[in-house]
Amino acid sequence: MDVVVASSSIEAGIGCWDLHTGAEQLRYKLCASPPHGLVCVGQRFLASSQLREPSASGSVQYWSWSKPQVDVKSFPAEQIKPLAANSEGTYIVGGGLSGNIYLWEVASGRLLKKWHAHYRAVSCLVFSDDDSLLISGSEDGGIRVWSLLLIFDDFRRQQRSQLYEHDFTGHALCVTDVVTGYGGGNAIIVSASLDRRCKVWSISKGKLLRNIVFPTIVDAIALDPGEHVFFAGGRDGKIYVAALNAESTSDSKYGLHIINCFSNHSNTVTCLVYSISGNCLISGSEDGVVRVWDAKSHNIVRVFKHAKGPVNNILVIRQQLSQMNSQSSSSRHGSSLPPPLEKYPIAEDPTDLKAVIGRQATCSNSTEALYLRSDVINGQIKELQQQGSASAEMEIERLKHDYERSIQMVQQWKKMYDNLHQFCVNELLDGDQVGIPNGNAA
């Protein structure tokens, strides 16, 4: 089942509809998300940052599919605006008002990395299709491309003069949206800005491919799956179709490279999503309406009305019935969602076990692996010590044994990594020696 999910910038909750039948699903309560602040994490649950006064501390909230109420609430170190999650749902990334980017591990809630990405607030975040790159846009007009391999490689980070792979600085005003095509490091990036321009960038070449000027500010863009055109949602309520490859004549009534335009919204088009399964375009607007368009004819197929207020985020999610039934069952036995996101990173200490991965007897999905933090284990030991029963003492001994065994495993992995690293270095050095020409050779 393909599900359309839409949020609003006011406390109007999150609407949810079946894309093909139009039937309304659960309506999730207490959500006021900023643009690009709504994300589906590994198709398991919804996460959204929350709009607050600039001086107030923000929050990130989780909703399970089967409950309308907020299940988990986190309070990061600063107010988070855009959110993004990789396709497997193992990481959540948030952009702060300070220009910082935060990267959390979903299963444990650990803040793994934090870095200063932009001079002003981060306005949008998106992963590449292969999850190897993170693309960020900012209110300073900049777009930066980050390699996750480099982000996690402390040794290479220290050797680099800058952390980003590319720094695209063609926009004069705030970046309003960023999308990326297929191909990972060979993909294109399309960006929109308050300067009324959409720009097409090449990641592999690190340069601008096309600059398109629109008759209005563009707040939302969506790529055609074939990457022949892209759709741009304007503040005049119109959706423009712009060519990515083919040339268009300069006498077009919309402007150079803009080949078509259609509209039925009475206010700003704030978000666009292309659904491959239905070959349709879904748009949201400040008029509070979500419209489903046939991508070829541009006719309206279906209309969803949000409860109240403007629509500023739309997701299309392929939801399996088995997933919904599983979450419905688990909700009766308590929350199945991961813990809150941590506010600060834990101090690095090689003797401290940050996470233990244990086995689950009934684990049918790799994402359901049980993650336990060392401080969680210590907390369980303290609780059992307060009970003072014989069974509690036996459980304490078991936990201590598991903790020690996990420490030994981490030390073994570290030793194996050091040995592998040394082996690779030796192989490279030996290869260089073989490649040196012999001075005595004829």
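Largest accessible area first, the residues Thr180, Thr169, Thr90 order themselves as Thr169, Thr90, Thr180 under a 1.4 Å probe with ligands, DNA and RNA left out. What the phi angles of the stretch 87-93 give under the Karplus curve with 6.51, -1.76 and 1.60, with θ = phi - 60°, is a coupling list of 5, 7, x, 8, 10, 10, 10 Hz, glycine and proline written as x. Computed with a 1.4 Å probe over protein heavy atoms only, the accessible surface of the stretch 83-215 comes to 38 Å² per residue. Place +1 on the Cβ of every Lys and Arg and -1 on the Cβ of every Asp and Glu in the stretch 189-307, take the dipole about the Cα centre, and give the residue among Cys198, Ser277, Val303 whose Cα lies farthest towards its positive end. Positive-end residue among those listed: Cys198.
Among residues other than Ala32 with Cβ under 9 Å from its Cβ, the summed charge is 0 (Lys and Arg +1, Asp and Glu -1).
Around Gly184, with a cut-off of 11 angstrom between Cβ atoms, what is the net charge of the other residues, counting Lys and Arg +1 and Asp and Glu -1?
Numbers: positive: none; negative: Asp129, Asp130, Asp131.
Taking every Cβ under 11 Å from that of Gly184, the sum is -3.
For the stretch 154-214, the percent of C-alpha pairs falling in each 10 Å distance bin, counted from 0 to the bin holding the largest distance, reads 21, 45, 26, 8, 0.
Residues whose amide H lies under 5 Å from that of Ile203, counting only those 5 or more places away or on a different chain, are Ala187, Ile189; hydrogens are built 1.01 Å from N in the peptide plane. In the full protein context, the stretch 5-78 carries 35 Å² of accessible surface per residue, based on a 1.4 Å probe and ignoring ligands, DNA and RNA.
Taking all protein chains together and a probe of 1.4 Å, list Tyr254, Tyr240 from the most accessible to the least accessible. Write out the running numbers ahead of the final one.
Numbers: Tyr254 60, Tyr240 5 Å².
Heavy-atom accessible area, descending, gives Tyr254, Tyr240.
Each other residue within a Cβ distance under 13 Å of Val292 adds +1 if Lys or Arg and -1 if Asp or Glu, for a net charge of 0.
The residues of the stretch 252-301 have, on average, 42 Å² of accessible surface per residue, using a 1.4 Å probe with all protein chains present.
Bridging of Lys238 to lysines at a Cα separation below 21 Å is possible for Lys199, Lys253, Lys296, Lys305, once same-chain residues fewer than 8 apart are set aside.
Using only the Cα atoms of the stretch 13-156, what semi-axes does the equivalent ellipsoid have when each is the square root of 5 times a gyration tensor eigenvalue? Give whole Å, largest first.
Values: eigenvalues 133, 61, 42 Å².
The equivalent ellipsoid of the stretch 13-156 has semi-axes of 26, 18, 14 Å.
Annotation: Lys29 carries an accessible surface of approximately 110 Å², with a 1.4 Å probe and no ligand, DNA or RNA atoms counted.
Filter the trypsin sites (Lys or Arg not before Pro) in the stretch 216-291 to those in DSSP coil with at most 15 other Cβ atoms within 10 Å of their Cβ, and list the result.
On the way: sites: Arg235, Lys238, Lys253, Arg291; in loops: Arg235, Lys253.
Loop-located and lightly packed - Lys253.
Which sequence of Leu209, Leu341 reflects their accessible areas, 1.4 Å probe, from the largest down?
Values: Leu209 85, Leu341 10 Å².
Greatest to least solvent exposure: Leu209, Leu341.
The charge dipole of the stretch 24-129, taken about the Cα centre with unit charges on the Cβ atoms of Lys, Arg (+1) and Asp, Glu (-1), comes to about 200 debye, rounded to the nearest 20.
The values are calculated or read from the model by the stated rules, or taken from the named source; none is laboratory data. On a predicted model such as this, the values are computed, not experimentally measured, just so you know. Glycine also receives a Cβ, built like all others from the backbone with ideal geometry; neighbour counts cover every protein chain displayed. Only protein heavy atoms, including side chains, enter the accessible area calculation; ligands, DNA and RNA are left aside. Shrake-Rupley method; radii C 1.70, N 1.55, O 1.52, S 1.80 Å.
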